[in-house]
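Note sheet for the following structure.
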Amino acid sequence: MLLSEYLDGIRQLDPAVVLLGCTHYPLVAEAVARLMPAARVVDSADATARAARQMLTAMDGLSPSREPGRLRCYVSDNPQRFREVGGRFLGQPIREVTWISSEQFFHEDAMAAADTVPSDSLEPSRA
């Protein structure tokens, strides 16, 4: 019912394509497709994962090992909440979560800068 309310204005535009542009939207993709059966629903998370795989393949950045890699997460929201919710989705704890400001996402050295500061020392600003 809530999703129907949110999408009412978009449905009236009769879109051919609906792009799910947020990390949690794929969770409601089927409901969106039911509400807008004439539209093609595109999951940006899936497209992003494919693009990342292509880039890593081109750079020879994929590990040939079947051993699990290291998971590092960077968030612009509450790191503790991300650990809790993300851990439930993955079915295992998420240990490395670093908060960075939204401005840092758009700087070339953002990940390097975030790595120099312990994640527990960073808190999201609530201005």
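The values are calculated or read from the model by the stated rules, or taken from the named source; none is laboratory data. Note that the structure is predicted; figures quoted are calculated from it, not measured. Virtual Cβ from ideal backbone geometry, glycine too; neighbours counted across all protein chains shown.
For the range 64-78, does any single residue satisfy the condition of being of a type outside the set (A, V, I, L, M, F, W, C), in the same structural domain as VAL97 (by TED's automatic domain parsing) and part of a helix (DSSP H, G or I)? Scanning the range 64-78, I find no residue that is of a type outside the set (A, V, I, L, M, F, W, C), in the same structural domain as VAL97 (by TED's automatic domain parsing) and part of a helix (DSSP H, G or I), so the answer is no. There is no residue in the range 22-36 that is farther than 30 Å from MET1 by Cβ, at pLDDT 90 or above and either outside any helix (DSSP H, G or I) or small (Gly, Ala, Ser) (or both). Assess whether THR57 counts as being farther than 19 Å from TYR6 by Cβ, outside the structural domain of ASP14 (by TED's automatic domain parsing) and among the β-branched types (Val, Ile, Thr). In short, yes.
Being of a type outside the set (Lys, Arg), at negative phi and surrounded by 11 or more Cβ atoms within 10 Å (Cβ to Cβ) is the requirement here; does PRO68 meet it? No; evaluated as a whole, the condition is false for this residue. Of the residues making up the range 21-56, those that are without any contact (Cβ under 8 Å) to a residue 12 or more places away in the chain and over 24 Å from GLU96 (Cβ atoms) are GLU30, ALA33, ARG34, PRO37, ALA47, ARG50, GLN54.
The test for being loosely packed, with under 12 Cβ neighbours inside 10 Å and hydroxyl-bearing (Ser, Thr, Tyr) holds for SER102.
Pairing residues of the range 87-116 that are acidic (Asp, Glu) with residues that are modelled with pLDDT under 85, at Cβ distances under 7 Å and at least 6 apart in sequence or on separate chains, gives GLU96/SER119. Tell me, please, whether a residue that is within 13 Å of the chain's Cα centre (by Cα) and part of a loop (DSSP other than H, G, I, E, B) can be found in the range 3-20. So far as the range 3-20 goes, no, none of its residues is within 13 Å of the chain's Cα centre (by Cα) and part of a loop (DSSP other than H, G, I, E, B).
One residue stands out among those in the range 1-38 that are more than 22 Å from ALA49 (Cβ to Cβ) and touching a Pro at 6+ places or on another chain (Cβ under 9 Å): the one that is surrounded by the fewest Cβ atoms within 10 Å (Cβ to Cβ), which is ALA38.
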